[in-house]
Amino acid sequence: MNASDIGPLDDLDVELLHELRQAWSVEDPVPTGLAERVKFAITLHGLEAELAELTSASLVLTRSDAEVARPESITFASSRADVLVNVSDETATTVRIDGWVTAPGAVVQLHSASGDARTTADDTGRFTFTAVDRGMIRFMLWPDGDRGERPVVTPTIDV
Amino acid sequence: MSTDATPVSLATRAAAAFAAYRAGHEERMDDLVELLTPILWHTARAQRADAATAEDVVQTAWVRLVERSDSISEPQAVLQWLITTVRREAWQVVRRADRVRPDEDVLDQAAPDGDPGPERSALLTEQQRLLWQHVEQLSARCREILRVIAFAERPDYAAVASALGMPVGSIGPTRGRCLHKLRTSLPSDLRWTV
């Protein structure tokens, strides 16, 4: 079969491909939030952040909606600090987060869809966030309390 | 959907965002990510990568692009670079996972992609459902090519086909073997509105 048998690309070909784009978009849609996660990965790369590991055995790193876990208590490990987080119901739409980090005085930043919040762990390593909107969140922390150092970032969790 | 509108090349829009990013407008990387993530997702999935693998592969390709942005001499090539990177990585991961050798015997077997669920198929128009059935009869290689090309615009077909390892000129200006097969398989009474 050579090119002359096949013929030039015409408008019907383009129309078929447009129909196929619609069909594939329905059959296998791009996961919600993938572009946002890509942008975040690029940002982390720019910060040279260390990605903490989720150490709670029953939980998985959230990649797509189907794999989201709803933790109540969760631990993360990194080379410079470990973090334990407890999530409790506050209102129908918000939660309270009580955390403990092995680095007292660490700066802890909470990223959520509704924005960022930042606090400093006390001299026993405890920190609290209240009125946190339910949804996908992640933490970025600076174990030495110096935001000029390389941050540690946790995987995303759903609360 | 309309073929009347002049299609704007994906590669050209990507090149504009990428060139601006490299010139110091870091926020333009977000535009590039929004623009190209759909075609990259379908590139990975067309290699039979599962959803988690496809996400990893797409994210990894973007991080590599940022790491090596200076090594891409021509911004117009960024679309091809990303498709090639995603496809190669997805292919390697999938091959490691199931040890399938990528020879033509395997790739030319018609096999379902495995993911479409009946509840989603119900959202397709009658025309799309019929078209889908015919696409499923094509080889895996043809399904891959049509799937990725479908997420590009007409001026991009040749560059995308090339990134997928097809000979230059196989799709655009000519129809190419895969579209030809699809066209000849469609019933002649199908009323396609062009």
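The values are calculated or read from the model by the stated rules, or taken from the named source; none is laboratory data. Note that this is a predicted model, so its numbers are computed, not measured. No Cβ is skipped: glycine too gets one built from the backbone with ideal geometry, and neighbour counts run over all protein chains shown. The accessibility values were calculated without ligands, DNA or RNA, using every heavy atom of the protein model including side chains. Shrake-Rupley method; radii C 1.70, N 1.55, O 1.52, S 1.80 Å.
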Residues in the range B:71-96, backbone N under 14 Å from the label point at residue B:16 (7 Å along the Cα-to-beta-carbon vector): list them, ranges by number please.
B:76
In degrees, nearest 10, the alpha-carbon axis of helix A:34-47 is tilted away from the dominant principal axis of the alpha carbons of chain A by 50 degrees
Rounding to the nearest 10 and keeping the result within 0 to 90°, find how far the Cα-based axis of helix A:11-27 lies from the longest principal axis of chain A.
30 degrees
Dipole check, chain A, charges on Cβ (K,R +1; D,E -1), about Cα centroid: among A:20, A:34, A:110 the Cα furthest to the positive pole belongs to A:110
Ignoring ligands, DNA and RNA, what percent of the 1.4 Å accessible area of the range B:10-185 is carbon and sulfur?
49 percent
Solvent-accessible area, 1.4 Å probe, carbon plus sulfur percent, for chain A:
49 percent
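Given a 1.4 angstrom probe, what's the average accessible area per residue across the range A:77-148, in square angstrom?
Numbers: 3540 Å² over 72 residues.
Accessible area per residue, the range A:77-148: 49 Å².
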Interface size between chain A and chain B, please: total buried accessible area, 1.4 Å probe, rounded to the nearest 100 Å².
5000 Å²
Threshold 50 Å², probe 1.4 Å: give the residues of the range B:40-70, in number order, that are less accessible with all protein chains present than with their chain alone.
B:41, B:55, B:59, B:63
